[in-house]
């Protein structure tokens, strides 16, 4: 009788032991969750490439993958833009719920082949001072090293590390899209 009781109670005892003694982290996301109260989206005074004033609020209602970079867009920048495009495509039917935004932190002209290659990416110019005050970075990195996620309500909510693994980002995006509804 005691053996049957021990067998029946062992899962309960093991669960309490794991939760209170081993204390698993419980984190399942790859990107770092940011507190939107500490990083509210400011008026960036951004413009489209043709000079039309616009803000990130124009994409409210959609998830935004955000990259910040210079107009000369080196190989790392091009790789981030490529990954953003592929990550959006990898979401299948839900890809229409994601917008890609490249905030260009200078006023230099863009190469037209770059504009064509990343067609569908919203390219906005924004003063770098506004961006540096708003976007948080990991120690030893710059805002250009990260990919950021803004939720459909307009809250900065996630930052991916420098040289992030695209497969892990894809999983996080999938989880966000599933958790926020079907569409």
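Tabulated values for the structure
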| read-out | value |
| --- | --- |
| Residue within the stretch 3-22 that is farther than 26 Å from residue 168 by Cα, under 25 Å from the mean Cα position of the chain (by Cα) and surrounded by fewer than 15 Cβ atoms within 10 Å (Cβ to Cβ) present | no |
| Criterion violated by residue 42 - all others in (1) buried (at least 18 other Cβ atoms within 10 Å of the Cβ); (2) under 25 Å from residue 162 (Cα atoms); (3) in contact with a helix residue (DSSP H, G or I) (Cβ under 6 Å, 6 or more places away or on another chain) satisfied | (1) |
| Filter result (assigned to a loop (DSSP other than H, G, I, E, B) and either more than 21 Å from residue 107 (Cα to Cα) or free of Cβ contacts under 8 Å to residues at least 12 places away in the same chain (or both)) within the stretch 33-44 | 34, 35, 36, 37, 38, 39, 40, 41 |
| Out of 66, 34, sole residue that is out of contact with any helix residue (DSSP H, G or I) (no Cβ under 6 Å at 6 or more places or on another chain), closer than 30 Å to residue 167 by Cα and at pLDDT below 95 | 34 |
| Meets criteria (surrounded by 13 or more Cβ atoms within 10 Å (Cβ to Cβ), closer than 23 Å to residue 179 by Cα and in contact with a strand residue (DSSP E or B) (Cβ under 7 Å, 6 or more places away or on another chain)) for residue 33 | no |
| Selection from the stretch 138-183 of residues that are touching a helix residue (DSSP H, G or I) at 6+ places or on another chain (Cβ under 6 Å) and more than 25 Å from residue 58 (Cβ to Cβ) | 162, 166, 170 |
| Criterion: part of a loop (DSSP other than H, G, I, E, B), in contact (Cβ under 8 Å) with a residue 40 or more places away in the chain and over 16 Å from residue 117 (Cα atoms) - qualifying residue of 57, 28 | 28 |
| Residue that is surrounded by the most Cβ atoms within 10 Å (Cβ to Cβ) [pool: residues in the stretch 60-81 that are touching a strand residue (DSSP E or B) at 6+ places or on another chain (Cβ under 8 Å) and free of Cβ contacts under 8 Å to residues at least 60 places away in the same chain] | 81 |
| Residue count for the stretch 45-54, restricted to those that are part of a loop (DSSP other than H, G, I, E, B) and surrounded by 14 or more Cβ atoms within 10 Å (Cβ to Cβ) | 3 |
| Strands (runs of 3 or more DSSP E) enclosed by the stretch 82-183 - at least 2 residues per element that are farther than 21 Å from residue 48 by Cβ and without any contact (Cβ under 8 Å) to a residue 60 or more places away in the chain | none |
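The values are calculated or read from the model by the stated rules, or taken from the named source; none is laboratory data. On a predicted model such as this, the values are computed, not experimentally measured, just so you know. In this analysis, Cβ positions are derived from the backbone assuming ideal geometry, glycine residues included, and neighbour counts consider all displayed protein chains.
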